[in-house]
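These notes are about the structure you will find just below.
Throughout, read-outs are computed from the coordinates displayed, never taken from laboratory work. As the structure is a prediction and not an experimental result, all values here were calculated from the model. Heads up, the Cβs are rebuilt from the backbone with ideal geometry, glycines too, and the neighbour counts pull from every protein chain shown.
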Amino acid sequence: KAGVTQTPRYLIKTRGQQVTLSCSPISGHRSVSWYQQTPGQGLQFLFEYFSETQRNKGNFPGRFSGRQFSNSRSEMNVSTLELGDSALYLCASSLGGPLELETQYFGPGTRLLVL
Amino acid sequence: GENVEQHPSTLSVQEGDSAVIKCTYSDSASNYFPWYKQELGKRPQLIIDIRSNVGEKKDQRIAVTLNKTAKHFSLHITETQPEDSAVYFCAASRGRGGGSNYKLTFGKGTLLTVNP
């Protein structure tokens, strides 16, 4: 099976702009989680989507939003970009079924630089 | 919410030595503890995980131990090789349970350098 893919891999934006990142999960996986990775804060959970619904949310401002499509692909949007949003954005997919504990598989990430 | 502390932040060992990375967690309801390895410029890759119903799990040169009473878990790598050099992250989560709290909380990472 193909792994988790993310596009684009690199992005450069300026403050105040908005950005949309895309994640395609492993075939058959219905849950997509998003994480922000920075040197100072490490890996921080943004949100999880399952069956086109946000199921879980981290402690990020409302400028960070997402959605999921019927084919389980997910997008993440960041509006009014700030310098501090520069980071590696990782998505991870899992089956998302009734199993209590699931392995999450990560994509390669999108590296966002805000100037 | 959950808080995961990871130590040390950097670890340098000689090839062939063992390496141990330790994590503590705060949420006593956490019951899943994966470890990820992230090489420079690459995605985090799961290397081993442990569920709360076992105290130890091994996979070749890698082992993880869990002490639920003390709320800590450790990664042990034996016979280290230069290709083991990477950043290692521990994480903790609850199960889906009621469905609302399934997320991974990560430690800040350990940069492991294996010197030839």
(request) Starting from the exponent 0.38 and prefactor 2.2 Å, build the expected Rg for the protein assembly as shown from its residue count and divide its actual Cα Rg by it. (result) 1.01
(request) Determine the shielding of peptide A:103-109 by partner chains: average, over its residues, the number of Cβ atoms on other chains within 10 angstrom of each Cβ. (result) 5
(message) So if I place +1 on the C-beta of Lys and Arg and -1 on the C-beta of Asp and Glu, and nothing else carries charge, what would the dipole magnitude of the protein assembly as shown be about its Cα centre? I want it in debye, nearest 20.
(response) 620
(message) Within 11 Å, Cβ to Cβ, of A:Pro25, how many net charges do the neighbouring residues add up to if Lys/Arg are +1 and Asp/Glu are -1?
(response) +3
(request) Quick one: which residues, 5 or more positions from B:Ser12 or on another chain, have an amide H under 5 Å from its amide H? H modelled 1.01 Å from N in the peptide plane, none for Pro or chain starts. (result) B:Thr113
(message) Please give me the summed charge of the neighbours of B:Leu75: other residues whose Cβ is under 15 Å from its Cβ, Lys and Arg +1, Asp and Glu -1.
(response) -1
(request) Arrange A:Phe50, A:Phe69 by Cβ neighbour counts within 10 Å, fewest through most, would you? (result) A:Phe69, A:Phe50
(request) Along each of the three principal axes of the Cα atoms of chain A, give the extent in whole Å, ordering the values from largest to smallest. (result) 41, 27, 27
(request) Please work through the protein assembly as shown and write down the cysteines that have no neighbouring cysteine Cβ at a distance under 4.7 Å. (result) none
(message) Eigenvalues of the Cα gyration tensor times 5, then square-rooted: what semi-axes does that give for the range A:42-81, in whole angstrom, largest first?
(response) 18, 12, 8
(message) Spelling out what I want: for every residue of the range A:14-21, take phi, set θ = phi - 60°, compute 6.51 cos²θ - 1.76 cosθ + 1.60 (Karplus), and round to whole Hz; glycine and proline get x.
(response) 10, 3, x, 6, 10, 9, 10, 10
(request) Provide the net charge surrounding A:Gly84, with neighbours chosen by a C-beta distance below 12 Å and charges set as Lys +1, Arg +1, Asp -1, Glu -1. (result) 0
(request) Translational diffusion coefficient, Stokes-Einstein: compute it for the range B:1-82 using the Kirkwood radius over C-alpha pairs as Rh, at 4 °C and 1.567 mPa s, and state it as an integer in µm² s⁻¹. (result) 95
